[in-house]
Structures are given as C-alpha cells and as structure tokens.
Ligand code: SF4
Ligand code: SF4
C-alpha cells in the first residue's frame, strides 16, 4: 500500500568503486522502497568493469508509476561510498548535483570540511560507513551500510523495510546466514548514524526546482573511462587511491628474498640500494599478493588513513 499520497519522486545516485557493492546497495534501496509501498526502479552502469574502477548505480522511488528512464543526472540523494572519487576528475561524481541534492560522503572528515573543500551543492552529511562495516562485518563491503544511509536520507523508508530488503537481496546472492546477519546489524548501525535531513530545509531557486531533464552527455574515452585508459599513462594516473588497506613491510625482519618484488602484478615494489623492497604507495592498489607471497610473513595490512 502506498503510504504517502503526495506526488513524490526521489532519485538516488550511488558512486563507488568496483567491488564495494554499490549495485547491491541500489537493489537494497529499491527493494526497501517497494516494501514500504512505493514504486521503485534500480540499475547500475559500468564503464571499465573491473575491481577498483569507478562505477555508478541508481534507485528511483515514487508514489506514482515511474516513467523516467536512464541515468539520474540531477540526484536528490548522492551517495559517495569512496571519498577518493572526489579527487578523480574522470569519475565526475558531483556532476548534476544542485541546490536540492543531499550528498552523503563515506569519510571520517566533518561535513563542513568536505563541503568547503569540494564546493558541494545542497546539503551534505558524512558518515564513516567503512568503519561500521569493518567493525561489524569485518570486511570493507559497503552494500548494506551505503543502502542504509540512503534509506535514512529519503526520510520515507523504515528500518523494518531496510532490514527485510537486506535479508532478501543478500539471500538472493547466496550469502551465508551469519554474513547476512552481520550485514543487517551493520545496516541498522549505519541507519542510526546517518543524520536526518529534511528536503524541505533545502532552499531552491525556481530554475533548480524545475531541473529534472536528463541529458545523456557523450564523454570521450579520456573523460568517460576509468583513470587508467591507455598505454603509457600510468605515470600520471595514480591508482594508489583505490586502497582501503595498505601493505607495510617490516624491514627489521625482511630477509631481502625478493619474493614480493617479483610477485607484485603492478610493479609497485622496487629494491633500494641495500636490496630492501620499497612500496610505491602512489600506485599500489592494495591487492595484498605481496603479503600472501612473503615467506617470512613480514608484510602487514594497515587501514588507510588518507589526507587530502
Ligand atoms: S598490495 Fe598488491 S599492488 Fe600493492 S605492493 Fe603488494 S602486490 Fe603490489
Ligand atoms: S617477500 Fe617478504 S621477506 Fe622477501 S623481500 Fe619481500 S618483504 Fe622481505
């Protein structure tokens, strides 16, 4: 049954990197909306389909049948699940945000700092959903926690519908019951940690409030694809900002066997004058093959704390 008879449509855009779970997040919000009694639509869009590459996913919910199709160019809610995307010009994640947009950034920085640094339009909230996922799920998988934040920001989806949607969507992809249970707990924690922001608080100009037209813009490969798009450009395209964890070598106990040096698939480990391995953190993607290959187990995993 439709709860709200007023004419309401919300467009939610999710930005993340391949592997973080944004497609599933959009599905969870779509299913939660449906369970709440709304019409819903959800879908992802991919550029380069690989882990770490920028991806987008979308959810629309409305109390009327949804006739709009295609990407959400002017989101009401913009979820940025990876703060490093703010620095990635190719990802263009603030495109189309306007005075009526609520943006949520996954970071430990204050909302005022992010708004000022990136001149974000509309309202902004920040929640460290990665921290919630690591504490409860023990993995940096963000589908449930990002979906929960989006549900809270809509102002019309209840915790009960969120919980039901998380269980349904994660059961559909064959996750174990204990993993689903942790995801549900994490989702509820994320919901509680996300502030309530009223759309009616947003001050819109007449032009902005009417701007719902979708323009599908052609982007050439230099702009439209992920950061690394062609031969010989990896010197200028830093891929180190894809990491959530970084490998750290304990040089005190390293035997200089070079196993890490030869096994890094991205050639991010070089040897210094004394033969000790040194990691190029500007390009290391955090795959941890080096850690798995180190026979002395002297490479550890540390949570990345970024400074913009
Ligand atoms: S984590 Fe992966 S990319 Fe980074 S140095 Fe180790 S093997 Fe290379
Ligand atoms: S594999 Fe381990 S022990 Fe060998 S050089 Fe690398 S860090 Fe040192």
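Taking the criterion of being more than 8 Å from ligand 1 (Cβ to nearest atom) and crowded, with 19+ Cβ neighbours inside 10 Å, the residues of region 245-286 that qualify are 249, 261, 277. Of all the numbered requirements in (1) outside any helix (DSSP H, G or I); (2) touching a strand residue (DSSP E or B) at 6+ places or on another chain (Cβ under 6 Å), residue 115 misses one, and that requirement is (1).
Would you confirm, using the coordinates I've provided, whether residue 195 is assigned to a loop (DSSP other than H, G, I, E, B), assigned by TED's automatic domain parsing to the domain that holds residue 99, within 27 Å of the chain's Cα centre (by Cα) and at pLDDT 65 or above? Here the answer is yes, as residue 195 does meet what is asked. Among the residues of region 242-260, those that are more than 9 Å from ligand 2 (Cβ to nearest atom) and out of contact with any strand residue (DSSP E or B) (no Cβ under 9 Å at 6 or more places or on another chain) comprise 243, 252. Within region 290-308, the set of residues being surrounded by 14 or more Cβ atoms within 10 Å (Cβ to Cβ) and within 11 Å of ligand 1 (Cβ to nearest atom) comprises 290, 291, 293, 294, 299. The set of residues in region 94-110 being surrounded by fewer than 22 Cβ atoms within 10 Å (Cβ to Cβ) and within 17 Å of residue 75 (Cβ to Cβ) consists of 94, 95, 96, 97, 98, 99, 100. When restricted to residues that are part of a loop (DSSP other than H, G, I, E, B) and farther than 12 Å from residue 10 by Cβ, region 65-102 contains 20. Residues that are away from ligand 2 (no atom under 14 Å from the Cβ): which strands (runs of 3 or more DSSP E) entirely in region 261-308 hold 1 or more of them? Because the criterion is at least 1 residues that are away from ligand 2 (no atom under 14 Å from the Cβ), the strands (runs of 3 or more DSSP E) in region 261-308 that meet it are 299-303. Would you mind stating whether residue 239 is at pLDDT 70 or above and within 12 Å of ligand 2 (Cβ to nearest atom)? The answer is no for residue 239.
The values are calculated or read from the model by the stated rules, or taken from the named source; none is laboratory data. Everything quoted here is computed from the prediction, not taken from an experiment. Cβ atoms come from the backbone with ideal geometry, glycine included; neighbour counts cover every protein chain shown.
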